[in-house]
Amino acid sequence: MPNKLFWILLILPLACAPIIYLAGRLPGIRGQHNRQTSLSRWLLMLVLAGCLYALARLYPAILSGEQTAVSLGTVSFQFDGISLVLVGSTLILGFFCTWFSGRYLAAETGEEKYYALFAILTGSIICLVTATDLFTLWLCFELMAVSTYTLVAFHRHNAAALEAGVKYLVQSALGSVFVILGIALVFGEKGTLAISALKSAGAASPGLLAAGGLFLIGFGIKAAIVPLHTWLPDAHSQAPSGMSAMLSGVVISAGLVAMLRALSTLGVPSTVWGCAFLALGAINMLAGNLLALRQVEVKRMLAYSSISHIGYLLTGLGLALNKGVLSGGEGAFFHLMTHAVMKGLAFLSAGALLYALLPHDGSRGPLKLPDIQGTARKYPLVALAFSAALLALGGLPPLAGFMSKWVIFTAGFAARDGWMTAAVIFMALNSVLSLAYYAPLVNRLYQRKMSDVVESGAAVPLSMSVPLALLALATLVIGFYPAILQPIYQLAGKNLLALFF
Amino acid sequence: MPAILTLSTILIPWLGAVVVWALGEKRQHLAGPAAVVFSGLAGLAALLLYPAASAESVIDLPMGDAFGNLTLRPDGLACLLVAIATVIGCLAVIFSLDYMRGEHQLTRYYAFILLFIGAMTGLVLSGSLLYLFFFWEITALSSYALISFNNDDPKAVRGGIKALIMTQVGGAGLLAGALALYAATGSFQIDLVLAAPAAIPGGVLAFAAFGFLVAAAAKSAQFPFQTWLPDAMEAPTPISALIHAATMVNAGVYLLARFYPAFADVPGWKTAVIVVGVVTAISAALMAIVAGDLKRVLAYSTVSQLGYMVYAIGLGAQTAVQFHLLSHAIFKALLFLSAGAVIHSVGTRDLERMGGLGKKMPFIRAAFVVGALALAGIPILNGFWSKELILEAGLEYGPAWGYWLMLIGAGLTALYSLRVTWLVFYGMPRTELHIHPAGKAMKTSLLVLTVGSFTSWLLVAVVTKISHLTLPYHKVDEISIGTLVKEILANPGTITALLTILGGAAIWVIFMRFQNLPKFLRWTIRPIQSSFGMEAINTGITRVVGFTAEKLRKTQTGLLSWNLVYIVIALILTIVLLGVGA
């Protein structure tokens, strides 16, 4: 039974993508651009719900550590804790984003393509994080990247969106070239591509070190590591908001996970990667926060803040890899999940405001800070949800971000090393610095004087406000009772250490 | 029963916050009365809890492996602060009914006050360092939201963010200390640390001790972090009374008082605490003497009195600290609320424009005068007894230089108290101001606090008895009213203190005579007014960060070619570093 459920998870989204596309182009439905509902969207939500159901049924087996693996010929997939974190985040966030996107995309042409590509994105992430050999990993990584290229440039009549898409395409392609070079080097040295087999196969050589560098940079482009992050502010701010949420919440984390899997195969002592992650994490946190401070466009500010959150993830992972601290990995995966929720909520709220306040004619200007002044008076729920997301991202209790950062902080002190302690204190100070741009944004939402666009803004439909409310509730619940997610992130932390030690 | 009462002091205000928020803009006129009900109930629960104080945790909930247990422990120190927070909170809310009448977005105001009250009680009741920090951060959030309540005013927003950032930076000290203790003991429980501090490695204990000192100094606006509190006076005055005088700023003092048994033996810690307390007390008193804004004078006064409390902690005088916490909360809230009544009436905070207001608002003048006398330490009022206890402890246990400086500080306190009272209520009116009478709700709060200023010292027997019984690690002596009176009146230090206070008052009378500061002292005004250069440091840091951020923007060129160059350079660097490193 577990195997059947696993196959469903792997195959359903990918197989249904063409059906979702075709359903949107059926003769009766095609051409009705202002429909309130969309068959493609419903089908996608059904598919995601089905996958969530399969995941829920699979959950006890994964937690208990049973061998949840399937194989087709020489290609096999395995579900471990790390996969659980990412698959769960993708499916849940994906479901909310799809639910949200109904009215958002209703006026666009080609929305059936959006949902079909979204299905491919979801399916490729699921296959990516469960892959057990480097080639399948790379293949699914590519599939994920290709599906996001067009999703980023979805508003294709908008020059800025096209520019963002092209930059993202070129840089991501460069990353993929590096990765395949690295895989080739690994294959050349070791003769096999299976991740578990590679781990135990001998020590590192210069070729493998070079492969490690290629993996770090190649996957690092996707994971938005500074200085490879330059595509991210454009891409995440120009994409449709449901997609921005997915990109920031899940796709960059998937890049990070793919990097982890690839690096574990090299036989290089994990302290090397640990130190690299800590250093890169520190740079990411500071650069992300400083760059976000000056932003006037709302979605661009959120995009830069994603860069700093990747920094927090890298710090947690670095602590785990450098010193073998279990709570480092636990914290990083916990933060991955909470970041998906919080950043997803932030982007979706910004999207709701974009939808309500700015014109729908496909040439939406970016949502700027002066535009959102006084939002709370007219859109109390959206403002509350947005504030919850921003304050959670800033690490204030009683919201989710505080708890996930806390676990990473405990790791820094558990390592009993001055440098590790300094790293987490630096992280705490960066968290304070991030409040310097989150807090003014929250203030603006609650100002009494409404901006012109708020005064003349349209209503936010229920299909947008309900997902926002649910995500905000999740942020609050996780903040008060973090133990809800504990089994998941503890398993992931253990798996991380097993990968490298 | 204690468990229910303990939980009520946190959950009733929080439930109230949700209810008030849900009222929305349409029914915001109900927000105030609802808030009064909820804060009143919380105050009642706190007063009922006090006799039932216990040294044992009444709530013990496991919250997950990395988070320890959420424990709530209503002992003497906690219950005292809970009572202060809820009762004065209720009085501030009642005052707000008149003060905030006609303002907008009142649901936000009252909801955050209630959130704050619940968080403050949680902070002091918490037996777990993680949850202490959890509630600490929530108080910071509420404080920020309330300071920047009038968020159409950029000054208020700036003040709020400054307070938030500075207290959060200090909070990193608490975070670091808490985690170091966790790493050493495997638990977040505070009592574990207090019971056996010797079991913790010296380096870890010292790290935690100084980290907590940083956090406490930032939260209680002690030197060198005092610059946020005067700017926080942009908040509506009931908020200044509640948060920035009677409760939140006490959190730092509470932290030091709570952990004193563990850190007392850390080399240099007690001295550091005493130094911080003395420097703050004196510098803030000097700043209060030259400040031109009514609320700023009171803000500096708060900082100075907190300095007295911090000084007392450094001496190990637990009884004196708790007693002064109580007295100060009451008379400072009284002063702020009276000041609020004045500001509400005349529409300005500028001392230069006031004068002679006493004739037109006798009730408020009386309230303010009582508060000022208590602050100065005039006998019978509560401030006298608690300040004398601190000075006596200083004479007996502390370094001589500390005692003499704090004595001078008492004189300076009398000086600025008399100055501000005079400038507002006496003399000739300096400008024509239209007076707007104070409402019944305002007068009610002021009356209660005035009575409190006269009588709260009578509670010394109750407070010290409960603290003695429920604080096994802190040495609190039981003192009866009779003992208190005898001890203080008999002590020669008391006469010295009273003479100094009268001396301070006399200096003001002399100044008034001559209307001008003598030439040789005039150069001191500027540096004192700019917080002895601390404000310049703050501005400098903000400028540097802003400058760096602006320069960093240039790296995001927007040109694809440059992006690819960054990538290639990164790859080359990585491979080189890997080759060298591994």
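At-a-glance table
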| item | result |
| --- | --- |
| Residue within the range A:445-456 that is of a type in the set (Val, Ile, Thr), outside any helix (DSSP H, G or I), away from chain B (no Cβ under 11 Å) and within 30 Å of residue B:103 (Cβ to Cβ) present | no |
| Top-ranked residue in the range A:147-192 [being more than 23 Å from residue A:229 (Cα to Cα) and assigned to a helix (DSSP H, G or I); ranked as nearest to the other protein chains (Cβ to nearest Cβ)] | A:185 |
| Breaking point among (1) assigned to a helix (DSSP H, G or I); (2) buried (at least 17 other Cβ atoms within 10 Å of the Cβ), for residue B:458 | (2) |
| Extreme residue, most open to solvent (accessible area, probe 1.4 Å), among residues of the range B:155-194 that are free of Cβ contacts under 8 Å to residues at least 24 places away in the same chain and either more than 10 Å from every other protein chain (Cβ to nearest Cβ) or on the phi > 0 side of the Ramachandran plot (or both) | B:192 |
| Some residue of the range B:366-386 being open to solvent by less than 10 Å² (accessible area, probe 1.4 Å) and touching a His at 6+ places or on another chain (Cβ under 7 Å) | yes |
| Count - residues of the range B:534-580 that are surrounded by fewer than 12 Cβ atoms within 10 Å (Cβ to Cβ) and touching a helix residue (DSSP H, G or I) at 6+ places or on another chain (Cβ under 7 Å) | 0 |
| The range B:560-576: number of residues that are within 53 Å of the chain's Cα centre (by Cα), farther than 30 Å from residue A:160 by Cβ and more than 8 Å from chain A (Cβ to nearest Cβ) | 1 |
| Wholly within the range A:193-290, helices (runs of 4 or more DSSP H) carrying at least 1 residues that are within 10 Å of chain B (Cβ to nearest Cβ) and over 27 Å from residue A:349 (Cβ atoms) | A:206-222 |
| Hits in the range A:340-380 - residues which are surrounded by fewer than 24 Cβ atoms within 10 Å (Cβ to Cβ), within 25 Å of the chain's Cα centre (by Cα) and either at pLDDT 95 or above or among the charged types (D, E, K, R) (or both) | A:364, A:368 |
| Only listed residue being within 8 Å of another protein chain (Cβ to nearest Cβ), crowded, with 24+ Cβ neighbours inside 10 Å and more than 21 Å from the chain's Cα centre (by Cα), chosen from A:440, A:397 | A:397 |
| Matching residues in the range B:38-54 - criterion: being open to solvent by 30 Å² or more (accessible area, probe 1.4 Å) and out of contact with any Leu (no Cβ under 9 Å at 6 or more places or on another chain) | B:41, B:44, B:47, B:51 |
| Residue in the range A:86-93 that is under 30 Å from residue A:208 (Cα atoms) and touching a helix residue (DSSP H, G or I) at 6+ places or on another chain (Cβ under 9 Å) present | yes |
| Candidates B:243, B:161, B:239 - the one that is part of a helix (DSSP H, G or I), of a type in the set (Val, Ile, Thr), touching a Phe, Trp or Tyr at 6+ places or on another chain (Cβ under 9 Å) and farther than 22 Å from residue A:444 by Cα | B:243 |
| Options B:371, B:347, B:394, B:377; residue that is farther than 26 Å from residue B:254 by Cα and in contact (Cβ under 8 Å) with a residue 24 or more places away in the chain | B:347 |
| Residue count, the range A:230-256 (criterion: open to solvent by 10 Å² or more (accessible area, probe 1.4 Å) and of a type outside the set (Gly, Ala, Ser)) | 2 |
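For (1) assigned to a helix (DSSP H, G or I); (2) open to solvent by 30 Å² or more (accessible area, probe 1.4 Å), each residue gets a yes or a no:
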{"residue": "B:22", "(1), (2)": "yes, yes"}
{"residue": "B:31", "(1), (2)": "yes, no"}
{"residue": "B:36", "(1), (2)": "yes, yes"}
{"residue": "B:56", "(1), (2)": "no, yes"}
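The values are calculated or read from the model by the stated rules, or taken from the named source; none is laboratory data. All values derive from a computational prediction rather than experimental measurement. Reconstructed Cβ throughout: ideal geometry from the backbone, glycine too, with neighbour counts over all protein chains shown. Ligands, DNA and RNA are excluded from the accessible area calculation, which covers all protein heavy atoms including side chains. Shrake-Rupley method; radii C 1.70, N 1.55, O 1.52, S 1.80 Å.
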